[in-house]
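Worksheet: one structure, shown below.
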Amino acid sequence: MSAPLHSLDLAAYFTRIHYAGPHHPTLETLHAITGHHAAAIPFENLDVLLGRGINVEPAAVVRKLVHDRRGGYCFEQNHLLLLVLQTLGFRATPLSARVRWQRPRDFIPPRTHLFVRVELDGETWLTDVGVGGSSLTSAIRLDYVGEQPTAHEPRRIVREDGRYFHQIRVGEEWLDLCEFTGEEMPPIDRELTNWWTSTNPNSKFLQNLMVARAGLDGTRRTINNREFTHRRGAEILEQCEITGPDKLLEMLAQEFDLHFPAGTRFGPPGSVWPS
């Protein structure tokens, strides 16, 4: 399930994310690529709702996100970022996690999230462009106690009972985003968890329509089912209800550069609209 790294067209990728900076494997490059990727390639689960399935083979991921100018979710987004970083010479490793956003600690979510660890100049950094409206826009350090600034919201990593928790500050409150142990996620695990995530009726990706994109200006745009939100941190800049399927297609094109043929209809919750 692997492809030679030289098969990745870096020039096409950099054009896709509007990046013209250095290509050397440095912290500056890691931060910049993370931010430009999150700003250019939307997080979205639209192929799941269209019943098309998600192919996580490297060539398919590159074709969809780079050449077809689509978005994707973590197994696509962070797989592409992993290939890019490895091609540039970074020591990058895929890790698994449990997404804990808006979940109590006594609930155990499935280990169905992929993100990336980077070893750089004796330090361990984490990057994650595949966690929706909370995707990282710059890397954060693993072994650092306290708040870490990013291009968007402050983050921190806390360790409790042998587990790491990636937390995000919302207002004055720290909320769990992901839980992980540092376990690597090899291709076979990504293939199996991607299959569950994209086909199981209990998966949130079959029950919700989700689109998100960060802005280089510090803002974020999201669609959650039928609600569009444009915000900067906790400040809501714009929020509106999407009133019908044609309006949804318009918003996808206008706000996320995602273009679908007229008449495209997504599965639940995009299949039934109020009359």
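The values are calculated or read from the model by the stated rules, or taken from the named source; none is laboratory data. What you see is a predicted model, and the numbers here were worked out from it, not measured in a lab. Glycine also receives a Cβ, built like all others from the backbone with ideal geometry; neighbour counts cover every protein chain displayed.
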Q: Select the strands (runs of 3 or more DSSP E) contained entirely in the range 55-151, then report the ones holding at least 3 residues which are within 18 Å of Thr197 (Cα to Cα).
A: 91-99, 113-120
Q. Hey, any hits in the range 66-80 for a residue that's at positive phi and surrounded by fewer than 20 Cβ atoms within 10 Å (Cβ to Cβ)?
A. yes
Q. So which residues in the range 151-199 are of a type in the set (Lys, Arg), within 21 Å of Gln102 (Cβ to Cβ) and surrounded by fewer than 20 Cβ atoms within 10 Å (Cβ to Cβ)?
A. Arg156, Arg163, Arg169
Q. Any residue in the range 59-72 that is in contact with a Ser or Thr (Cβ under 9 Å, 6 or more places away or on another chain), at pLDDT 95 or above and not hydrophobic (A, V, I, L, M, F, W, C)?
A. no
Q) Could you count how many residues in the range 165-208 are over 19 Å from the mean Cα position of the chain (by Cα) and part of a strand (DSSP E or B)? A) 2
Q) If you take the residues in the range 209-223 that are of a type in the set (Gly, Ala, Ser) and either free of Cβ contacts under 8 Å to residues at least 12 places away in the same chain or not in a strand (DSSP E or B) (or both), which one is farthest from Val48 (Cα to Cα)? A) Gly218
Q. Considering Ala151, Ala139, which residue is at pLDDT below 95, among the aliphatic types (A, V, I, L, M) and under 25 Å from Glu76 (Cβ atoms)?
A. Ala151
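Yes/no per residue for (1) within 23 Å of Ala214 (Cβ to Cβ); (2) touching a residue at least 60 places away in the same chain (Cβ under 8 Å); (3) within 13 Å of the chain's Cα centre (by Cα):
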site	(1), (2), (3)
Ala59	no, no, no
Asn78	yes, no, yes
Leu81	yes, no, yes
Phe90	yes, yes, no
Leu114	yes, yes, yes
Ser135	yes, yes, yes
Glu153	yes, yes, no
Arg163	no, no, no
Q) Before we move on, is Trp101 free of Cβ contacts under 8 Å to residues at least 40 places away in the same chain, surrounded by fewer than 18 Cβ atoms within 10 Å (Cβ to Cβ) and aromatic (Phe, Trp, Tyr)? A) no
Q. Taking the range 181-216, which residues are within 22 Å of Gly133 (Cβ to Cβ) and aliphatic (A, V, I, L, M)?
A. Leu206, Leu209, Met210, Val211, Ala212, Ala214, Leu216
Q.
Quick check on Gly35: is it within 28 Å of Glu255 (Cβ to Cβ), assigned to a loop (DSSP other than H, G, I, E, B) and among the small types (Gly, Ala, Ser)?
A. no
Q: Just give me the residues in the range 232-275 being among the charged types (D, E, K, R), at pLDDT 95 or above and not in a helix (DSSP H, G or I), in sequence order.
A: Glu238, Asp257
Q: Enumerate the pairs (first residue in the range 26-41 and closer than 18 Å to Thr219 by Cβ; second residue anywhere and part of a helix (DSSP H, G or I) and polar (S, T, N, Q)) with beta-carbon separation below 9 Å, excluding pairs fewer than 6 apart on the same chain, so at least 6 apart or on different chains.
A: His37/Gln77; Ala38/Gln77; Ile41/Gln77
(Q) Just the residues that are under 22 Å from Glu173 (Cα atoms) and surrounded by fewer than 18 Cβ atoms within 10 Å (Cβ to Cβ), please, taken from the range 113-141. (A) Arg141
